[in-house]
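Trainee: Before anything else, here's the structure in question.
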Amino acid sequence: MLSATVRAAEPACGLEVRTELDQLYCDLVARGEGARLPSPVDFRRNDPGVQALLLRRPAQRHGLTVPDAVAELETPEPKPEPNTTAATGSRPVSPVEPPALPGLAPSLSLSDCQLAGDHIRCPESSFLLAENQPNNRLAPGVLGDENRLGLTSFEGNRQDPDAVRQYLSTAYDRYIPAMLSIGLGANTMSFTAFHNAFHTLEDGGVDFAARMEETFRLLKQDKKTLAVKARYHDNLPERLEQCQVINRNIIVCDNVRTNWVYVQEGR
């Protein structure tokens, strides 16, 4: 049952509380932390592990405990059926995911690879599931102001689905390496979440690229002082058809609800 404080805060915090992390977000907003937290839209579109990271510092100020990143107050939605179409290099497709442009790196075809749990093995290389990394394993300076997400603002016609898909495909291919650079490879958005965030923000008159940059800045700031778990669950992709090549060093898989990033071993 939600606390009276949270029930009163729901309209102000802008979230329909569905998880314990949503509950904590609204509780913190009610305690005056709204200016230090991402907007409700930004908060909701992040992976639960990132949500927990964003909430940890303000929660500490009020002596509150951050709940487990996967705890839910409602029964989760049914898991979407995996796509059974043969791998073609397009982004994973599900009944609720927008179609996407093909974009396989010329040097790698997933049809030549095998999914083996936390590994994807290809003829000339092997990819290992990325985990979150402690700061002492990051490159120098990646948590500084110089390391920017650097997405360009969308300037095309949002009624043109091809233009939108091309923009988001390019932006996503930049977002994934950026999250890996700050040690948050286990906390990335799926392409579906990325697509939905774009439309939600732009529909509200908010520049998607600018808001993504601000969220990236907040993540870097919190990563400087807050520890992260290597992984928040043991789930793994079920089929290679759920996967897409980002570049010759990175493969991303998702089932819409969960995202997995695989990085070439030795990189």
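The values are calculated or read from the model by the stated rules, or taken from the named source; none is laboratory data. What you see is a predicted model; the values in this text were computed from it and never measured. Positions of Cβ are generated from backbone atoms using ideal geometry, with glycine treated the same way; all protein chains shown enter the neighbour counts. When the accessible area is computed, the model is the full protein with side chains, heavy atoms only, and any ligands, DNA or RNA have been set aside. Shrake-Rupley method; radii C 1.70, N 1.55, O 1.52, S 1.80 Å.
Trainee: Rolling a 1.4 angstrom probe over the protein chains, ignoring ligands and nucleic acids, what is the accessible area of GLU16 in square angstrom, nearest 10?
Mentor: 120
Trainee: Can you tally the net charge around ALA186? Count Lys and Arg as +1, Asp and Glu as -1, for every other residue whose Cβ sits under 10 Å from the Cβ of ALA186. Working shown, then result.
Mentor: Values: positive: LYS229, ARG231; negative: ASP47, GLU131.
Neighbourhood net charge equals 0.
Trainee: Taking square-rooted eigenvalues a ≥ b ≥ c of the alpha carbon gyration tensor, is segment 110-182 rounded, prolate or oblate, where a/c under 1.5 means rounded and, failing that, a/b exceeding b/c means prolate?
Mentor: Numbers: a/c = 3.46, a/b = 1.18, b/c = 2.92.
Cα axes put segment 110-182 in the oblate bin.
Trainee: If packing is taken as the mean number of other Cβ atoms within 10 Å per residue, what is the order of 252-258, 186-192, highest first? Walk me through the intermediate numbers first.
Mentor: Numbers: 252-258: 20.9, 186-192: 23.9.
Put in order of decreasing packing, that is 186-192, 252-258.
Trainee: Moving on. Segment 173-250 to segment 150-166: how many Å between their Cα centroids?
Mentor: 19
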